[in-house]
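In what follows, a single structure is set out as structure tokens and then discussed.
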Amino acid sequence: MDTLLLAQALLLGIVEGLTEFLPVSSTGHLIVVGDLIGFHNAGKVFEIAIQFGAILAVLFLYRERFTAVVKGLGSEPKAQRFAANLLIAFLPAAIMGLLFIKQIKHYLFNPVSVASALVLGGLVILYAERRQHVARVHDVDNIGWREALKIGCAQVVAMIPGTSRSGATIIGGIFFGLDRKVAAEFSFFLAVPTMFAATVYDLYKHRDLLSLAELPMFAIGFVAAFLSALLAVRTLVRFVGSHSYEVFAWYRIGFGLLILATWFWGLVDWNV
């Protein structure tokens, strides 16, 4: 297989892993970077592969928690409540995705739309960080079904590329009374059913595009996404304990404005 193609797969795998759980939009970054480097080979199936790598990173890091929940579903109220909250938070995006994902991909999956969402999302994060918050929930096990449903509705907004699934759920969680660490952890947990369902659906839908000849490309992207996601999640959990999300907001705004400026002045021929 072409060495350049493998290098592109490595780069995109790293981009996916580093951005999936940060409030900066992994889908948006994949669209922009993929367009910039001209990566169009088995694009959708490759994206599925690297997303699965990121999912496994969260399962690996929180394996004890997920194992305890599975074992306790039949008898443990705490495990049952945790599973029910994930299901409640998962459903809004699942329903809206089935209804509108085709239209969203057709009209919004391009660098300029991503850039606009990056800037707008950055402004929302700045607003969220500068308003007064009263945290009522200091443990994931104390999240109620109402908070879970509200976070699930916030996740729906992240269907717009450039918004960020993790950004919408974390900032939404803070708005709805969760402290920073709990909001981040619930966002990680919610990513598993959300991304797993999307991965299975897309894999089935694009099964005809699977090719053994492209297995090395998938493998490199998968491993890169897994390892970089491990690093990103561990770093973010430590970071949110004593820092705000403003640094991510300014990054989003700067990156988005850069894309819009290069498009407006014709410096980069973005695929719009």
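The values are calculated or read from the model by the stated rules, or taken from the named source; none is laboratory data. Everything numeric here is computed off the predicted structure, so don't read it as measured data. When we count neighbours, we look across all protein chains shown, and the Cβ atoms used for this are built from the backbone with ideal geometry, even at glycine. The accessibility values were calculated without ligands, DNA or RNA, using every heavy atom of the protein model including side chains. Shrake-Rupley method; radii C 1.70, N 1.55, O 1.52, S 1.80 Å.
In segment 1-90, what percent of the accessible surface is made up of carbon and sulfur (1.4 Å probe, ligands and nucleic acids excluded)?
Result for segment 1-90: 66 percent of the exposed heavy-atom area is carbon or sulfur.
Normalise the Cα radius of gyration of segment 85-163 by 2.2 N^0.38 Å (N = residues in it) and let me know the number.
Normalised Cα radius of gyration, segment 85-163: 1.29.
What is the distance, in nm, between label points placed 7 Å from the Cα along the Cα-to-Cβ direction at residue 76 and at residue 175?
So the label points at residue 76 and residue 175 sit 3.2 nm apart.
If you take the beta carbon distance between residue 227 and residue 267 as r and set R0 to 35 Å, what does 1/(1 + (r/R0)^6) give as a FRET efficiency, to the nearest 0.05?
So the FRET efficiency works out to roughly 0.55.
Loop-only chymotrypsin sites (Phe, Trp or Tyr not before Pro) in segment 213-272, please: DSSP not H, G, I, E or B, and at most 13 other Cβ atoms within 10 Å.
Answer in residue order: 265.
So, with +1 on the Cβ of K and R and -1 on the Cβ of D and E, and no other charges, what is the size of the charge dipole of the chain about its Cα centre, to the nearest 20 debye?
For this selection, approximately 740 debye.
If I take the Cα coordinates of segment 44-83 and project them onto the principal axes, what are the three extents in Å, biggest first?
Each principal axis gives a Cα extent; for segment 44-83 these are 40, 17, 12 Å.
Counting only heavy atoms of the protein chains, get the accessible area per residue of the chain (1.4 Å probe) and round it to a whole Å² value.
Value for the chain: 49 Å² per residue.
Residue 120 to residue 200: extension gain in nm, 0.36 nm per residue of separation minus the Cα-Cα distance?
25.8 nm
Using a simple charge model, +1 on the beta-carbon of Lys and Arg, -1 on the beta-carbon of Asp and Glu, nothing else, what dipole does segment 173-214 show about its Cα centre, in debye to the nearest 20?
It works out to roughly 120 debye.
Taking amide H positions as placed 1.01 Å from N in the peptide plane, with prolines and chain starts having none, which residues 5 or more places from residue 271, or on another chain, fall under 5 Å of its amide H?
none
How large is ³J(HN,Hα), in whole Hz, for each residue of segment 89-101 in order, when computed from phi with the Karplus curve 6.51 cos²θ - 1.76 cosθ + 1.60 and θ = phi - 60°, using x for Gly and Pro?
So the J values, rounded to whole Hz, are 6, 6, 4, x, 5, 4, 5, 5, x, 5, 7, 10, 4.
Send over the Kirkwood Rh of the chain, from the inverse of the averaged 1/r over different Cα pairs, rounded to one decimal Å.
Radius from the Kirkwood sum: 19.0 Å.
Which semi-axis lengths, in whole Å and largest first, follow from the square roots of five times the eigenvalues of the Cα gyration tensor of segment 122-263?
Result for segment 122-263: semi-axes of 29, 20, 15 Å.
By its C-alpha gyration tensor, with a ≥ b ≥ c as the square roots of the eigenvalues, how is segment 15-118 shaped: rounded for a/c under 1.5, else prolate for a/b larger than b/c, else oblate?
Note, shape of segment 15-118 comes out prolate.
Would you check the chain for Lys pairs whose C-alpha atoms are within less than 21 Å, ignoring same-chain pairs closer than 8 in sequence, and give me the count?
For the chain, qualifying lysine pairs total 8.
For the chain, with a Gaussian network of springs between Cα atoms less than 10 Å apart, report the residue from 18, 212, 61 with the top mean-square fluctuation.
Ranking 18, 212, 61 by mean-square fluctuation puts 212 first.
Computing the accessible area with a 1.4 Å probe over protein heavy atoms, can you report the carbon and sulfur percentage for segment 120-272?
Using a 1.4 Å probe with all protein chains present, segment 120-272 comes out at 67 percent carbon and sulfur.
From the Cα gyration tensor of segment 208-272, with a ≥ b ≥ c the square roots of its eigenvalues, which class applies: rounded if a/c is under 1.5, or else prolate if a/b is larger than b/c, or else oblate?
Taking the square roots of the gyration eigenvalues as a ≥ b ≥ c, segment 208-272 is oblate.
Might you report the magnitude of the Cβ-based charge dipole of segment 198-272 about its Cα centre, with Lys and Arg at +1 and Asp and Glu at -1, to the nearest 20 debye?
280 debye
Between residue 59 and residue 2, with labels modelled 7 Å along Cα→Cβ, what's the label distance in nm to one decimal, could you check?
3.2 nm
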